[in-house]
Amino acid sequence: RMSRHAQLRDHDVNPCIAETDASNKCMDDNNYNKDKCTAYFLKYRNCRKFWHAIMMQRRRNGVKPEMPSAEERKKMLESMG
């Protein structure tokens, strides 16, 4: 079993790593002034909301794994345009 931190860095488990990293970089670059990073936080929040909804739908439908793999997510996003 992976540690919590390892899971958060696993692209198959966490679909929002890029958004997390961008938010953290913005905070680092702007001396932790949250007001300057609002757009990054919004992108992260939208990412989490979107994939959480997908995960809940899959759970309701009995699809395993509940979170699509990184490769599967990429195909899903491409099919949506």
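The values are calculated or read from the model by the stated rules, or taken from the named source; none is laboratory data. For clarity, every value in this text was computed on a predicted model and none was experimentally measured. When we count neighbours, we look across all protein chains shown, and the Cβ atoms used for this are built from the backbone with ideal geometry, even at glycine. We work out accessible area using only protein heavy atoms, side chains counted, and drop any ligands, DNA or RNA first. Shrake-Rupley method; radii C 1.70, N 1.55, O 1.52, S 1.80 Å.
Which of the residues that make up the stretch 38-58 are closer than 15 Å to VAL13 by Cβ and open to solvent by 60 Å² or more (accessible area, probe 1.4 Å)?
Of the residues in the stretch 38-58, the ones closer than 15 Å to VAL13 by Cβ are 47-48, 51-52, 54-55, 58.
Matches in the stretch 38-58: ARG48, HIS52.
The single condition among (1) at pLDDT 95 or above; (2) open to solvent by 70 Å² or more (accessible area, probe 1.4 Å) that HIS5 does not satisfy is (1). Entry remark, the stretch 13-37: residues being hydroxyl-bearing (Ser, Thr, Tyr) and surrounded by fewer than 15 Cβ atoms within 10 Å (Cβ to Cβ) number 1 in total.
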